[in-house]
Amino acid sequence: MFTFYDLMRQAQGGAAFDNMARAYGVDPAQMRAAMAALTPAFAQGFQRQSRNDEAARRLHQMFGADVYARAFEAQAAALDPSARAAGDDAL
């Protein structure tokens, strides 16, 4: 079974953490450590939200949007302002 961290680690062809490290000017090992620390909290938040039918429906709709699929696949799409806006909405 995959964890949320494993899923994120596979994003952008396995280069997402390195891409984020470059984008934020940090060492790739620091980015991996930060993501390892943060992803359990995000996963827990998603689980908590999914207990409510309406919130679960909204999460499903939100993550079914093309902007997330494109960001998962390619760094350029993840850095696009529309992806940032979608991420801000998710938070």
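Odds and ends about this structure:
- Counted as membrane-span-like here are DSSP H helices of the chain whose alpha-carbon atoms extend 18 Å or more along the helix's own axis and whose Kyte-Doolittle mean is -1.0 or above; these are 28-50.
- Solvent-accessible surface (1.4 angstrom probe) belonging to D53, in square angstrom, nearest 10: 130
- Net dipole in debye of the chain [+1 Lys, Arg Cβ; -1 Asp, Glu Cβ; about Cα centre; nearest 20]: 180
- The chain - mean residue ellipticity at 222 nm from DSSP helices (-39,500 (n - 2.57) per run, n ≥ 4, rounded to 500): -23500 deg cm²/dmol
- Based on every Cα atom in the chain, Rg and the maximum pairwise Cα distance Dmax equal 13.5, 40 Å.
- Working from the Cα coordinates of region 44-91, the gyration tensor eigenvalues give, after taking √(5λ), semi-axes of 22, 10, 9 Å in decreasing order.
The values are calculated or read from the model by the stated rules, or taken from the named source; none is laboratory data. This is a predicted model, so every value here is computed, not measured. Ideal geometry is used to build each Cβ from the backbone, glycine not excepted, and the neighbour counts take in all protein chains shown. Note: areas computed on protein heavy atoms with side chains; ligands, DNA, RNA excluded. Shrake-Rupley method; radii C 1.70, N 1.55, O 1.52, S 1.80 Å.
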